[in-house]
Amino acid sequence: MIAMNQNNEILLKVQNLTKHFPLRGGLLGRTRGYVRAVDGVSFEVERQKTLGLVGESGSGKTTAGRAILRLIEPTGGEVNFKGQDVLALDRQELRPLRKKMQIIFQDPVSSLNSRMTVEQIIGEGMKLYRMVGSRSELRDRVAYWLEQAGLPAEYMNRYPHEFSGGQRQRIGIARALAVEPEFIVADEPVSALDVSIQSQILNLLLELQEKFHLSYLFIAHNLAVVEYFCDRVAVMYLGRIVEIADAEELYHNPIHPYTKQLLDAIPEPEPAKRKAFETPMGEPPSPVKPPDGCPFHPRCDHCGKACDQDRPELVPIPGNPSHRVACPIAVGEFFAG
């Protein structure tokens, strides 16, 4: 099984990660522009910890997660996993590293091959990496990982269409775990599930993290889920991180105006505790032509004279270097008031 490692050690370090998709048109298919899906993202994931990556749809969260694993090729930046530069590896060198870096997809229906049995789906990675020596050993391992994911071993002979959405996601989790990874990108793993099933899957992921000493990059748009599940949270907007902090710190002391608006949008069941919700001004800008300066300034009611000119960088707030914000005006207002 996966060996236990020290806490507080950096497992994954991402620096200035970018992914720009070319826009082609005309008879010759020339590049006419770029979609700046991920535009200079930097963060770290500690061993056996969870970093939440949150933001609106289209903010670049999923693209960032897949670029880290090189499921799509990044345009630039660095991804350092256990001392190895992932982006510098060729296809042959990358193959053994993929065993340690897995993904759980958002849609448990489309992510499973409908023509394969559960045994084939979960066992495919183990056969690829030659982790089993015989068919009987393979079935034993598939049965083991099914049970770890909360499903009976006899389900291995069935096909994906025979299961509910929650059961399919458990199969996806078992598939990711079967090659014994250390790091998992969980790409909105509960957003396609019924609310009653979401908590079961989240609790399962937490149990598996503790048992197998896993590190997660947890991608989500539901901040209530992220608060429950993550140790640290990075807030993305238009391809950039605008605030990053420990989860408790972010939820109790949000500083960036965008973070505040996201938190205000969390539904509160008790009317007496509901906050006055401020809708962001206007629609999100296009990633094809992002605004100059701060990407959030067209929708921000706190912007100053330089916000449409200067692009703010993530800087630590006074007295708390682990809490970083890309808005000097918001930082100044927070400490002044």
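Computed from the coordinates by the stated procedures, all read-outs in this text should not be read as laboratory data. Predicted model only: the values in this text are computed from it and were never measured. Counting neighbours? That spans all protein chains shown, and the Cβs are built from the backbone with ideal geometry, glycine included.
Once you sort the root eigenvalues of the Cα gyration tensor of region 57-172 as a ≥ b ≥ c, which label holds: rounded (a/c under 1.5), prolate (a/b larger than b/c) or oblate (the other case)?
Numbers: a/c = 2.72, a/b = 1.50, b/c = 1.82.
It is oblate, given that a/c is not under 1.5 and a/b is not larger than b/c.
Rounded to the nearest 20, the size of the Cβ-charge dipole of the chain about its Cα centre is 1280 debye, with Lys and Arg at +1 and Asp and Glu at -1. Could you point to the residue in ALA143, GLY125, TYR155 farthest towards the positive end of region 99-163's charge dipole, with +1 and -1 charges on the Cβ of Lys/Arg and Asp/Glu respectively? Farthest along the dipole direction, towards plus: GLY125.
Spin-label model, GLU207/GLU313: points 7 Å from Cα along the beta carbon direction are separated by 4.6 nm.
Relative contact order, percent, of the chain when contacts are C-alpha pairs under 8 Å separated by at least 6 residues?
Values: 626 pairs, mean separation 66.6, N = 337.
20 percent.
For the chain, find the longest principal axis of its Cα atoms and tell me its angle to the long axis of helix 195-212, 0 to 90°, nearest 10. Here the helix axis deviates by roughly 70 degrees. GNM on the chain, alpha-carbon springs under 10 angstrom: the most fluctuating residue among LEU51, LEU146, LEU202 is LEU202. Rounded to the nearest 10 degrees, the angle from helix 165-177 to the longest Cα principal axis of the chain is 80 degrees. Rounded to the nearest angstrom and listed largest first, the equivalent-ellipsoid semi-axes of region 112-178 from its Cα gyration tensor are 18, 12, 10.
Here region 112-178 is assigned +1 on the Cβ of each Lys and Arg and -1 on the Cβ of each Asp and Glu. Its dipole about the Cα centre then comes out at about 200 debye. With a threshold of 20 Å on the Cα-Cα distance, the over-threshold entries among LYS61/LYS127; LYS49/LYS100; LYS13/LYS260 are LYS61/LYS127; LYS13/LYS260.
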